[in-house]
Each structure stands twice: as C-alpha cells, then as structure tokens.
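See below for the structure under consideration.
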Amino acid sequence: MRSPIADRSRLDSFWNVDRVVNGVPAAAGAPEPDADRSYAMSADEFRRWGHEAVEWVARYLERVEDLPVGSTVAPGEIRALLPPSPPEQPEPFGAVLADLDRVVLPGITHWQSPKWFGYFQANASGPSIIGELIAAGLGTQGMLWSTSPAATELETHVLDWLVELLGLPDRFRSDGPGGGVIQDGASGATLCALLAARERAGWRDRLDRLVAYSSPEAHSSVLKGARVAGLHDDQLRLVATDEHQAMRADAFAAAVAEDRERGRVPFFAVATVGTTSTHALDPVPELAAVCREAGIWLHVDGAHAGSAAVAPELRFVNAGLDQVDSYCFDPHKWLFTNLECDVLYVADRAPLLAALSVLPEYLRNAATESGAVIDYRDWHLALGRRFRALKLWFVLRHYGAEGLRSTIRSHVRWAAELATWIAADPRFELVAPVPLNLVCFRHLGGDAVNQRLMDDLNASGELYLTHTRVDGRLALRMSIGQTATERRHVVDAWELIATRADQAAAAAGAAPDPRPGARR
Ligand SMILES: *Cc1c(COP(=O)(O)O)cnc(C)c1O
C-alpha cells in the first residue's frame, strides 16, 4: 500500500516525491526490499522473546548472589566486544538476548546482589520489575491528565497512600493546597523545590542577592541545583555542623541574621535527614523555626533515610516535617522500587506550578482549563513521562505495609548488630552513630589500611562496600538495605572483613594511627 498524500504538489515543491513517498531507490541498481514490509515485532514473537526475557531476569536474580559483586572490566573492554557500526540487516532476537551474557553481564556491578553494601542501594524487586514492564507495554505519555487519566490519578492516589503509610503530615496530601509528584530522583526534586522557592522569593529583580543554605554534608545535588537556578557558588552558604555532622541550628540562625544585615535575601535551605556520607540527621524542627521567622523555604532531603518511616518507631526521620515547605525521598533507594522513583511533596503547590508551568496552545485542553485535574508536566522539568506510579503501586500492594515495615526493621536490626560486632573488635571503631541501616567504621591502622582493606574486600567479589571521609580520615560504609539481603549476608560480610583486616594491615605496613581521637 502506498501512503495517500492528498496534496502532492506541496511536497513536490521541495522533495522528490517519487523518491520519498513511493520508495524509488535514490541510487539506481541496489535491489529494494518490499517498501511496505513491516519490521515491527509480531505479537507472537513478542510473546516468545518476552517470555525468554522474563526467564532470563528470573534466572539472573536467582544466581546474582553467586556472581562477583563488583565488575572488574577495564575501561573500553565492553565497547571492544561491540561491532563498530550498527547492524544493517535486522538480527534474530535470540542473538540479541544471547549478548546479554556475553557482552553486558561482565560489565555489570551487581547492585541487586544481596551482598551489596555500597553507596546507598538501588533497590529493585519483583513487583517493581513487573510494573516497569507493564508501564513500557502500555507506553503511555502521561504529561497531562487528559493524555492518560489513569497514570495521573493512580500517581496522586498512591502518593496520598504514602503520606499515610509513612506517617507524613497531611499537608502533603493532594486534597489540600499541597501534594506529591514522582520525580526522576532526589536531585531533580531538590532542584524543583529550589525553583519553587526562588519563585516565591520574587527572584526576577534580585537573583544576585538571594542566599541558599545547607550544611557541607548536604548532597552534591544541592550545589548543582543552585547552579542550574542561576546562583553563584557563594550564594549557597554552607553552615557549620556539630560533632555528628548535623547542621547546627544556632550557626544557621547566625548566618541568616548576618546575611539579612548585609542586604542579602535568604530564601532557601536544605536540611538533610540521613546524609549520604554518614546518615547524619539535621535538626529539622529547630531549622524550621528559623526558616519560619525569616520567610525561608525549607526543603528536607530524606533521599535514603525517608523510607524508614514505614516503621512507626523510626519516625524520628519525620521530625519537623509538619513545618517544612517541601520534602523528598527515594523509593528507588530503600523502598524496593527500581530507578527512577523519587517522591517530592510540597505543602503548597502554587509556587511550584508558578515556576514550572508554561502552557503553549498545542497543550491546551478542556480538562486542564477546568482546573479540576493535575497535569504533572507542571511539577517537574520533563514534559514526557512514563506511567511512573505503576511500579510503586505494585510494590506497595505486593509487600503491604506489613511487609515493608518488617523488611526495613530487619535491615535496621542487622545494622545495629553489625555495629556491636565492630565496636567489640579492638582493631576497629565506629565513626558515626547508627540510627538506621548505615554503618560507618574504620580500622584503627589509618587511611592506607582502610583503603587496602576496602580494595581487597571489593576485589574478592564476595561483597561490595564504599568509603567516605569523616573528620578528614577515611572510613568504610556499609549500607544494609538491599532487597534480597538476609542476616546471613551481613554475618558473612563481617566475618570476611574481620578475617581480611590483619592481612590488609600487614600489606599496608600499618603503624597504629597516631592521631588523637583514635580509639584505644
Ligand atoms: C542519593 C542521594 C541524593 C541523590 O539522589 P538521586 O535520587 O540519585 O538524585 C540526594 N540526597 C541524598 C541525601 C542522597 O543520599
């Protein structure tokens, strides 16, 4: 079938219609395949390869525990396995899937391994993976309510569920002036909060006088967001921390007062609940009091720690949230929902929408104009969006509040156990409190020993952990929160660390750390 072109003369004026529309080859001589052939994957093929793919993922998740956790390929090694040019002819899909084992797996660091303790987890789970598959299958573009009402309404509803599930303040629910939205990550969420705050501060005639605040322990996304918002680096003021790396409220109040005296305009502060380095908890209620008095937008970044609130006894992570302007946390870290899934809540959505909605003619529609619907494109930077809530909905229903609570509680309990084993070993010390599931510790032999120990452990393939610096000295971090982690994995990890410690100390030529503050 030829595509009917109603007015060929309009095309003829700048294209050769015979060539473009009727498929006459540009270069004479080459045999032309059937121009109307469909290259789409048939329903039967999809069924066959889809089943194969699900089987592959199921097998992967079964055996991931036995794979060396960290990938050991050298830079360029994976690319060298790929042909220099894209395929000219369609390939059998079986060949594509076969390359998963040959090309991809060697270059995968197994974040889904139960022996994963690095950074913070990037949790996935069965229901989440299935949700991702179905969201792709539906293939909706949910930029507006009207472009797939279910995508929007399910998101609004599930985020209201989360308010209840986590014991968050009602002001984040969608039935008042506030509400929630799924963002790609905490970085994007924090940027959007900053843009809303900038809007509320009436930035257009005084951008260079605005000042934002965080502690030096805040995530790097805060500075990145400030840059994107047009601030100079010195317009993000870093407030001093206490002995546990938490922001000092008195230092914050003093900085705000000083800036106001100098004619600057304090407009935005980020408090972190569970810093990336050591899980420090900024004192949100005290910071909120300063912000309220000074008219500063307070955003709380609970990227990793926020999920703990599924357990009522861990709701200290929610302290003060009833007095803040915005809050975000990442179900894609510790709530079993794979990337990208961050939740941003605002107490008042008006400044966010004022900052981010731009309505061109081609997006106008009756539902939007009625004011009765949410158009999530106005809540973040992207226009196009997948059915973001589907996998979160699946996870909440698969686990139930009970399953989420129980799993998170186990992680926190095992972290506490690990902390006691570390504290009892005279070669090691804890370097930060362990309120949740992150354990930061060091060998007393000094930086070289800790570096050596971490490198040895990660090279063993038996576990994966990462490091940070606390008070200028190297420390090891173990975050216990991978979906498949069981207590035995934590026991084995500590056994391996304890076993390898003396070797690492000998190899690094350790003298005991002479610096003051080193325990024992
Ligand atoms: C991981 C992390 C972030 C960034 O999270 P993304 O979702 O990857 O953007 C921000 N803040 C804190 C405290 C984090 O731990």
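Rounded to whole Hz and in sequence order, give me ³J(HN,Hα) for the stretch 103-120 from the Karplus expression 6.51 cos²θ - 1.76 cosθ + 1.60, θ = phi - 60°, writing x for Gly and Pro.
9, 7, 4, x, x, 9, 8, 7, 4, 8, 5, x, 9, 7, 10, x, 6, 10
Taking the Cα of D242, stepping 7 Å toward and past its beta carbon, and measuring to each backbone N in the stretch 425-444: which are under 17 Å?
Residues 432-436 qualify, since their backbone N sits under 17 Å from the label point.
Using DSSP, restrict attention to beta bridges with both residues in the chain and report what percent are antiparallel, rounded to the nearest 5.
So the antiparallel bridges amount to about 60 percent of the total.
Which of L231, L353, L194 comes first, and how do the rest follow, when ranked by fewest Cβ neighbours within 10 Å?
L353, L231, L194
Say each of Q503 and S370 gets a label point 7 Å from the Cα, pointing the same way as Cα to Cβ; how far apart are those two points in nm?
6.8 nm
Roughly how big is the chain's charge dipole about its Cα centre, with Cβ charges of +1 (Lys, Arg) and -1 (Asp, Glu), in debye to the nearest 20?
540 debye
Quick one: E88, E369, E132, fewest Cβ neighbours within 10 Å first, how do they rank?
Exposure proxy ranking, most exposed first: E88, E369, E132.
What FRET efficiency do you get for E261 and R79 if R0 is 51 Å and r is their Cβ-Cβ distance, rounded to the nearest 0.05?
The computed FRET efficiency comes out at 0.35.
List every residue whose amide H lies under 5 Å from the amide H of F336, counting only residues 5 or more places away in sequence or on a different chain, with H placed 1.01 Å from N in the peptide plane.
Placed amide hydrogens put N123 under 5 Å from F336.
Using only the Cα atoms of the chain, what semi-axes does the equivalent ellipsoid have when each is the square root of 5 times a gyration tensor eigenvalue? Give whole Å, largest first.
Ellipsoid semi-axes (Å, largest first): 43, 35, 22.
For the stretch 87-153, with equal point scatterers placed on the C-alpha atoms only and solvent neglected, what are the log10 I(q)/I(0) values from the Debye formula at q = 0.14, 0.27 1/Å, to two decimals?
-0.78, -1.13
Provide the packing ranking of 184-191, 395-402, i.e. peptides ordered by the mean count of other C-beta atoms within 10 Å per residue, highest first.
The peptides rank, most packed first, as 184-191, 395-402.
Quick check on the stretch 140-386: what are the equivalent-ellipsoid semi-axes from the Cα gyration tensor, as sqrt(5λ), descending, whole Å?
The answer is 29, 22, 15 Å, longest axis first.
State, to one decimal in nm², a quarter of the convex hull surface area for the C-alpha atoms of the stretch 357-436, i.e. the direction-averaged projected area.
Across all orientations, the stretch 357-436 yields a mean hull projection of 9.6 nm².
Step through the residues of the stretch 371-382 one at a time and calculate ³J(HN,Hα) from phi using the Karplus curve (6.51 cos²θ - 1.76 cosθ + 1.60, θ = phi - 60°), rounding each to whole Hz and writing x for Gly and Pro.
Whole-Hz 3J(HN,Hα) from phi for the stretch 371-382: x, 8, 10, 9, 10, 5, 4, 7, 10, 7, 6, 5.
Would you grab the residues whose amide H sits under 5 Å from the one on R237? Only those 5+ places off in sequence or on another chain, please, with H modelled 1.01 Å from N.
Long-range HN contacts for R237: A212, Y213, S214.
May I ask for the net charge around S410, where only other residues with Cβ less than 13 Å from the Cβ of S410 are counted and Lys, Arg are +1 while Asp, Glu are -1?
Neighbourhood net charge equals +2.
Taking neighbour counts of Cβ atoms within 10 Å as a proxy for exposure, in what order, fewest first, do I130, I480 appear?
Ordered by Cβ neighbours within 10 Å, fewest first: I130, I480.
Per DSSP H run of n ≥ 4, the term is -39500 (n - 2.57); total these for the chain, divide by its residue number, and report the mean residue ellipticity at 222 nm rounded to 500 deg cm²/dmol.
Per the formula, -12500 deg cm²/dmol.
Would you kindly derive the ³J(HN,Hα) couplings of the stretch 75-91 from the backbone phi angles with the Karplus curve 6.51 cos²θ - 1.76 cosθ + 1.60 (θ = phi - 60°), listing them in order in whole Hz, with x for Gly and Pro?
With the stated coefficients, the stretch 75-91 comes to x, x, 5, 6, 4, 5, 7, 9, x, x, 10, x, x, 7, 9, x, 9 Hz.
Non-local amide H neighbours of G461 (under 5 Å, H modeled in plane, Pro and chain starts lacking H): which ones?
Answer set, sorted by chain and number: V69, G70.
Every number in this text was worked out from the coordinates using simple rules, so none of it is lab data. Keep in mind that what you see is a predicted model, and the values were worked out from it rather than measured. Cβ coordinates were reconstructed from backbone atoms using ideal geometry, including for glycine residues, and neighbour counts include every protein chain displayed.
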